[in-house]
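Below is one structure; the comments refer to it alone.
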Amino acid sequence: MSKQDLVESKSHWNQVYSTKAVNAVSWFQHHANDSIRFLQKTGVDQSASIIDVGGGASTLVDDLLASGYKKLSVLDISENALLATKNRLGTRADQIHLLVADITKITFPLHSFDVWHDRAVFHFLTSAKDRKAYIQNILHSVKPNGHVIIATFSEDGPMQCSGLKTVRYSATSLHAELGKSFALIVNEKVLHHTPGGNVQEFVYCYFRILDV
């Protein structure tokens, strides 16, 4: 992603969150129940370091805080999205690390996270270069034998979202894209009902990072 593309991407998502209510965007969920289910499959305890990539205004962090998780980070390219989360959480926002950044550009300390969670970011990476940077970021920042949960549009999911093109995946093609350092543990297709009444098909995949 070039500097100009980055500026345009930030502007796009800030515009989305400044012109639509948080509960009106197509990806809104009252509770991220499927993400919680997949997180439970990892078996990590409440001391695990978890990052929600593209978490923005998602309520996942609310439920994780309520469940006693203590090391939570939420990253999004849109400061407006993260501001919505900060305002919603109030004083509880002090318990989490909010990061305004492009996931293909930021550099984390080595082995920062036990769990990497991404619902609906990876399918927006239409450039092979951006996907490579994203994958390298996982391999650098997630601990060996760590956990990666990615939910993307499935092969029958939308070809566009929020005016942007998407790349659709099966569990097999997503695994192939990520590479041999990832072991696919379990996957599931999930139907998401948007606030506008449409249905979007996602594929949720849980991977382990191989200690090679």
- Within the stretch 85-92, is even one residue closer than 21 Å to residue 162 by Cβ, under 13 Å from the mean Cα position of the chain (by Cα) and surrounded by 22 or more Cβ atoms within 10 Å (Cβ to Cβ)? no
- Query: Hey, among the residues in the stretch 121-179 that are touching a strand residue (DSSP E or B) at 6+ places or on another chain (Cβ under 7 Å), of a type in the set (S, T, N, Q) and farther than 21 Å from residue 39 by Cα, which one's surrounded by the fewest Cβ atoms within 10 Å (Cβ to Cβ)?
  - Reply: 126
- Query: Of all residues in the stretch 196-212 being surrounded by fewer than 15 Cβ atoms within 10 Å (Cβ to Cβ) and touching a residue at least 12 places away in the same chain (Cβ under 8 Å), which is nearest to residue 30 (Cα to Cα)?
  - Reply: 196
- Message: Return the residues of the stretch 112-127 that are more than 19 Å from residue 158 (Cβ to Cβ) and part of a strand (DSSP E or B); say none if nothing qualifies.
- Response: 113, 114, 115, 116, 117
- Determine whether residue 161 is touching a Leu at 6+ places or on another chain (Cβ under 6 Å) and closer than 18 Å to residue 55 by Cα. no
- Message: Go through the stretch 139-171 and report how many residues are more than 12 Å from the chain's Cα centre (by Cα) and not in a loop (DSSP other than H, G, I, E, B).
- Response: 17
- Task: May I ask you to say which residue of 35, 47, 112, 73 is modelled with pLDDT of 95 or more and surrounded by fewer than 13 Cβ atoms within 10 Å (Cβ to Cβ)?
- Result: 47
- Message: Could you check the stretch 78-102 and list, in sequence order, the residues that are touching a helix residue (DSSP H, G or I) at 6+ places or on another chain (Cβ under 6 Å) and more than 17 Å from residue 65 (Cα to Cα)?
- Response: 78, 80, 81, 100, 102
- Find the residue count for the stretch 36-59, including only residues that are under 12 Å from residue 81 (Cα atoms) and among the hydrophobic types (A, V, I, L, M, F, W, C). 1
- Query: Considering 130, 102, 114, 94, which residue is touching a Leu at 6+ places or on another chain (Cβ under 6 Å) and of a type in the set (D, E, K, R)?
  - Reply: 102
- Task: Please give the number of the condition residue 52 fails out of (1) surrounded by fewer than 14 Cβ atoms within 10 Å (Cβ to Cβ); (2) within 29 Å of residue 198 (Cβ to Cβ); (3) acidic (Asp, Glu).
- Result: (1)
- Among 93, 81, which is the only one that is in a helix (DSSP H, G or I), among the hydrophobic types (A, V, I, L, M, F, W, C) and closer than 19 Å to residue 9 by Cα? 81
- Query: Here are some conditions: (1) outside any loop (DSSP other than H, G, I, E, B); (2) among the aromatic types (Phe, Trp, Tyr); (3) at pLDDT below 95. Residue 27 meets all but one. Which one does it not meet?
  - Reply: (1)
- Task: Within the stretch 55-70, work out how many residues are surrounded by fewer than 24 Cβ atoms within 10 Å (Cβ to Cβ) and assigned to a loop (DSSP other than H, G, I, E, B).
- Result: 5
- Failed criterion for residue 98 (all others in (1) surrounded by 16 or more Cβ atoms within 10 Å (Cβ to Cβ); (2) closer than 24 Å to residue 206 by Cβ hold): (2)
- Task: Could you run through the stretch 54-70 and say how many residues are more than 17 Å from the chain's Cα centre (by Cα), within 15 Å of residue 113 (Cβ to Cβ) and modelled with pLDDT of 95 or more?
- Result: 1
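The values are calculated or read from the model by the stated rules, or taken from the named source; none is laboratory data. Source: prediction; values computed, not measured. Please note: Cβ atoms are built from the backbone with ideal geometry, for glycine as well, and neighbour counts cover all protein chains shown.
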